[in-house]
Amino acid sequence: FESLKIRFEPSVRMSWHSMYKSSKFRHVYGKAGSREQCYEGIPITHSVHDNHFCAVNPKFLAVVTESAGGGAFLVIPLHKPGRIDPHHPKVCGHQGSVMDIKWSPFMDNIIASSSEDCTVRIWQIPDGGLRRNMTEALMILIGHSRRAGLIEWHPTCSGILLSAGHDCKILIWNLEEGVAVKMIDSHPDVILCMSFNTDGSLLATSCKDKKLRIIDPRSGKVLREADCKSSRVNRVVFLGNLKRVLTTGVSRWNTRQIALWDQEDLCAPITEEEIDGLSGVLFPFYDADTHMLYLAGKGDGNIRYYEVSAEKPFLQFLMEFRSPAPQKGLGVMAKRGVDVSECEIFRFYKLVTLKGLVEPISMIVPRRSETYQEDIFPMTAGTESALSAAEWLSGIDRGPLLISLKEAYKRPNPAGLRASKWDRRTVKGIDLLENLTPNTDKEVCVRACVTVFFFFYVNEQSLSGSPSCASLQQLLSHLVSVLGQHVI
């Protein structure tokens, strides 16, 4: 057989290309807050308007509530979870139901609200929270002829606020002077959603006429327009600096879908993906720091999340957080309010109407390092405004002023990782809690007695196979006598 030399050469050279790229966010998981971290007893609004009805920042949680004779919303200090008093003070200055609320991204005590009474109001919340009902607003903005359904803060200018009403108009308000400086009248039907790009130079809108528009907010000119005849666009969001726009809506087969668009060319979407056949509106949330996209449907109990990239595959599905309780709406914590030491990269506040509950849901990267994770916490937008209202109106654009979250990092406490001092665990005669410092002489005595008991128990078991009842009873009676003399 030595003369036979057989060579096997593959006719096609094969190379392995994984369809999944490596990602540090591939194992991100959702963690629902414990009961002690939830807010209970909140009369969440029963409005059928497709909005979040919840806003949160590092100081306060605001929730739109049911109320008679006008609209109201609760403002709760974030560090005071638990059951809320039924007579807790409310912000109740509107004459109609509150349709939208948004905290200022620059001042944690300033919140804007829009209502069916056609007005937009600016409120200033005291540092400690409300002690009595608040009816006097800091500013009342009157300009819409029909109910004001949406509000949106400018991302880099603290003095600019946008509002959209059912009169099909968008008003740009200069809060430094308290006047409307521009009216955008480019929509023939009700505006469903608004989204600024990173520096606030462009505005994306979705409308009931099934069209997606990219608008110059200062001039009001429609720069680009997509006619989505085969589908209905409900929500739109800019994807940071990727020059992409993502929309959620319903396809021609009545299935929920998402579509990714190039903001410079809206002739056709870059990619489309069908999600499911449910009917609730699909809300998109984008984290520009991690390039992660979260999808949460109204009435669903789950939250899907993807990683977005500028190259194929543009949308990479990561995982799904599931919960049996349906969500009415979701509030999102600013990045400067997440728990950096726990590797928390995103946090939702979920409204559960049936239980009158607001439940925090943390998205966490599983890591055990005790140092600051700079790769998952890059520089992020801070609370300082990049320019004034007059500068922005004159045509100046600036990106957000960035800050580091490293100062908020707290080194994990090793003592917090140990078991409770009453949770005794003994392995081969070694006390797992031997490093805990006893607080009193009684605790020293109890610890010594229990250690002696387990020591004799283990030795008896190793010698005789199973300890006799008589020996155990004798040891226990001796321990009781010792405890009676030295502890009681």
Kindly provide log₁₀ I(q)/I(0) values, in the same order as q = 0.17, 0.19, 0.20 Å⁻¹, from the Debye equation applied to equal alpha-carbon scatterers of the range 143-253.
-0.77, -0.96, -1.06
Cα-only radius of gyration and Dmax that characterise the range 223-353, units Å
15.0, 47
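Hey, what's the range 144-228 come to in accessible area per residue, 1.4 Å probe, Å²? Could the numbers behind the result be given before it?
Values: 2840 Å² over 85 residues.
That works out to 33 Å² per residue.
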Short to long, in 5 Å steps from zero, the percent of alpha-carbon pairs of the range 297-414 per bin is 2, 9, 14, 14, 16, 16, 14, 9, 4, 1, 0
Would you mind checking Lys211/Lys328; Lys24/Lys208; Lys24/Lys243; Lys102/Lys229; Lys169/Lys355 for any pair whose Cα atoms are more than 29 angstrom apart?
Lys24/Lys208; Lys102/Lys229; Lys169/Lys355
FRET efficiency for Met379 and Lys221, Cβ-Cβ distance as r, R0 = 35 Å, nearest 0.05?
0.60
Could you give the length gained by full extension between Leu401 and His87, i.e. 0.36 nm per residue of separation minus their alpha carbon distance, to one decimal place?
109.0 nm
What is the spread of the Cα atoms of the range 110-195 along each of their three principal axes, largest first, in whole Å?
44, 27, 21
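Determine Rg/Rh for the range 31-152; Rg is computed over alpha-carbon atoms and Rh is the Kirkwood hydrodynamic estimate from the same atoms.
Values: Rg = 13.8 Å, Rh = 14.6 Å.
Reported Rg/Rh, Kirkwood definition of Rh: 0.95.
The values are calculated or read from the model by the stated rules, or taken from the named source; none is laboratory data. Because the structure is a prediction, the values reported are computed rather than measured. Every residue, glycine as well, gets a Cβ built from its backbone with ideal geometry; the counts of neighbours run over all protein chains shown. All accessible areas refer to the heavy atoms of the entire protein, side chains included, with ligands and DNA or RNA removed. Shrake-Rupley method; radii C 1.70, N 1.55, O 1.52, S 1.80 Å.
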